[in-house]
Amino acid sequence: MPTVTFLPGFRKAVVPKGSTILDAAQRANLAMNVVCGGQGKCGKCVVYVRQGSVSFDREKFRHFFTDEELAEGACLACQTHVYSDVRVEVPEHTLIQEQKILVETPVLAVPFHPSVRKYFLRLESPTLDDPTPDLNRLLEGVERRGGPAASTIYVPLEVLRDLPQMLRRANWAITGTVALVPGGYRLIRVEEGDSEERLFGAAVDLGTTTIVTYLWSLADGQTVSSASNYNRQIACGEDILSRVNFAKKDRLVRLQQLAVESINDALTAAADAAGVDLEDVVEVVVAGNTVMTHLLLGIDPAYMIAEPYVPAVRRMLSTAAGRIGIATNPNAGVYTFPAVSNFIGGDVIADILASGMAEHDDLSLLIDIGTNFEVVLGSSEWMLSCAGAAGPALEGGEVLFGMRANPGAIERVQVDPDTLAPTYETINGVRPRGICGSGLIDLLAELIRACVIDRTGQIDMAIRHPRIRQGRYFPEFVVAWKEETDIGKDIVITENDIKNLIMSKAAVHGACMTLMNAAGITHHDISAIYFSGAFGNYLSKENAVTIGLIPEVPLERVKNIGNGAITGANIALISRGKRKILDDIAQRITYVELNAEPSFMDQYTSSCFLPHTDLALFPEVQKMLETCRLRREEKWQP
């Protein structure tokens, strides 16, 4: 079988003949930037073949490269097949780099009432007159301190084995850690002396791309640190479908290990920053989508992507950290959020908990956008939900110069309507390398305000301006000249990019309209629209309305809740009352399958305009478009 050697690091992988370079990269644990999931649509996995026999359709994918790049051996890793030993050079920008990960969470206005507590006890030693067994003596001491009844506390064998020696070594002064678990209570740990202040828990957002964790003191309800990193599973596939297919190749154990390693990396970083011993972390709450939760627990997710699309489990689950390899106290409870369906998972339930929409009588709309999107409509009485593919365009895929939120990504754009000169901000303030999702939304809105594009996304080539030109394949607008960039090329947005963005935003808006119509309401009935996730947190609310990504409501009703998944996990960690209602929230949600909903395609088609075919739904945007039309007639006519 051929050996693929990746330069400059000389990582190697042996693969069957005919495998792709991306297959080899995944075997070598090399995390390539494959936004489209290896379908050859995003053009981000650029590599250079320096030696060996490969097959790559240069003509089919020529639009991603210059002639000079092709002459140097450039190709797409996901579309290049290997037929001999190969040496491949991997440019830095092809690898997944440091990303702007949304870690911040709002101050939580929930009662501090954790599910785990420590009890310092000074016990009487046994005598001939009082031969009470060691365990009974300890549990009755917990009950006398206001803890649960002794008969309701389960004690793991590994804790019981150490108990006799520890009690006598500590001269009967010990601290017991007791946790509320499904069906009763559990004695997690017994320590010598008074350790009541050393009580910690962790909340984890197990994302497809990133991991975020918060470390809390469960003794006083204060956050002590946070940390984030990439999900190591990226090396096995960029998206959920790729990972499920990877798991089918007898690699489920590997994916489970990578999920655990990713969480442990974040936990270790957070613990080191706070000076906390991970042995003192006795509870972990994890919010992730349905597939990610299955992979973490080592449950086969294969049946979720085949009819009738059934997950193995939807309820909230708990297990001991040691059983799955989480690097906390081995008896620590690990709790995973429940799911509604294979597409509405625990991360969305966490979003709902963070927004509070399940506790309000007013109607709210919750939107979480990534490569896929989830939408929830409802109140404390009922909720409807749906999910779909937003397409990778909103995350920078299928856009020529689109990219993730890495350093150098243009994240904010304004275009002067008189001069058409763009001003922009990049992540970390460095020279631009591309445009990320929030920048693309800004650019789309700014171009229609400046009369550069019409409502279908077509660029007005009648405008005589150096930034508006015919590109190699499509008309395009120059956002940054090559002299300004870090890649030595003009950064442009093409008419094809714009069409892909419009289709992506139409899927989201069409889903919102489908749920609203199913509920018999209009946008006037919505009291709040909640954006969750990094994409929603950084985009402009005004521009989201301008392009028709969301229904037009007063902007003060549009709220960014930040990383709702980690916020919800934090809430469930510190509030046992909130954790108890998670399954209830999940059971209240009705899932609407968009593919089986006849009206969705009509709503999607109607949304494939800026902002919509029916401008009556967007009266404020309609006024702006009229101003745009008048400006075009005055200034840009040849």
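The values are calculated or read from the model by the stated rules, or taken from the named source; none is laboratory data. No experiment lies behind these values; they were computed from the predicted model shown. Every residue, glycine among them, receives a Cβ derived from its backbone with ideal geometry; neighbour counts consider all protein chains shown.
With the structure loaded, tell me whether ILE174 is surrounded by 23 or more Cβ atoms within 10 Å (Cβ to Cβ), not basic (Lys, Arg) and not in a strand (DSSP E or B) or whether it fails that test. First the steps, then the outcome.
Values: surrounded by 23 or more Cβ atoms within 10 Å (Cβ to Cβ): yes; not basic (Lys, Arg): yes; not in a strand (DSSP E or B): no.
Criteria not met by ILE174.
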- prompt: In the list LEU353, LEU365, LEU394, which residue meets the criterion of being in contact with a strand residue (DSSP E or B) (Cβ under 8 Å, 6 or more places away or on another chain), over 30 Å from CYS42 (Cα atoms) and among the hydrophobic types (A, V, I, L, M, F, W, C)?
  reply: LEU365
query: What about ALA227, is it among the small types (Gly, Ala, Ser), surrounded by 23 or more Cβ atoms within 10 Å (Cβ to Cβ) and under 23 Å from ALA202 (Cβ atoms)?
result: no
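For GLY207, state whether it is farther than 21 Å from ASP265 by Cα and either surrounded by fewer than 18 Cβ atoms within 10 Å (Cβ to Cβ) or not hydroxyl-bearing (Ser, Thr, Tyr) (or both).
Working: farther than 21 Å from ASP265 by Cα: no; either surrounded by fewer than 18 Cβ atoms within 10 Å (Cβ to Cβ) or not hydroxyl-bearing (Ser, Thr, Tyr) (or both): yes.
No, not satisfied.
So that you can scan it fast, the table gives a plain yes or no per residue for (1) of a type outside the set (Phe, Trp, Tyr); (2) farther than 17 Å from PHE609 by Cβ; (3) loosely packed, with under 15 Cβ neighbours inside 10 Å:
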position	(1), (2), (3)
ARG412	yes, yes, no
LEU420	yes, yes, no
ILE441	yes, no, no
MET461	yes, yes, yes
GLN470	yes, yes, yes
VAL479	yes, yes, no
ASP486	yes, yes, no
ALA507	yes, no, no
ALA511	yes, no, no
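Just wondering, is there one or more residues in the range 81-89 that are in contact with a Pro (Cβ under 9 Å, 6 or more places away or on another chain), of a type in the set (Phe, Trp, Tyr), assigned by TED's automatic domain parsing to the domain that holds LYS44 and over 22 Å from ASP497 (Cβ atoms)? First the steps, then the outcome.
At the first step, the residues of the range 81-89 found to be in contact with a Pro (Cβ under 9 Å, 6 or more places away or on another chain) are 82-86, 89.
Those left that are additionally of a type in the set (Phe, Trp, Tyr): 83.
Keeping just the survivors that are assigned by TED's automatic domain parsing to the domain that holds LYS44 gives 83.
In the following step, the residues that additionally are over 22 Å from ASP497 (Cβ atoms) were identified as 83.
For the range 81-89, residues in contact with a Pro (Cβ under 9 Å, 6 or more places away or on another chain), of a type in the set (Phe, Trp, Tyr), assigned by TED's automatic domain parsing to the domain that holds LYS44 and over 22 Å from ASP497 (Cβ atoms): present.
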query: Tell me, which strands (runs of 3 or more DSSP E) lie completely within the range 1-91 with 3 or more residues that are touching a Phe, Trp or Tyr at 6+ places or on another chain (Cβ under 7 Å)?
result: 74-76
message: Let me spell it out: the conditions are (1) out of contact with any Leu (no Cβ under 9 Å at 6 or more places or on another chain); (2) modelled with pLDDT under 95, and ASN136 meets all of them except one. Which number is the exception?
response: (2)
field: Breaking point among (1) among the acidic types (Asp, Glu); (2) surrounded by fewer than 16 Cβ atoms within 10 Å (Cβ to Cβ); (3) at pLDDT 80 or above, for GLU89
entry: (2)
Subset tally (residues that are among the aliphatic types (A, V, I, L, M) and surrounded by fewer than 21 Cβ atoms within 10 Å (Cβ to Cβ)) for the range 559-584: 1
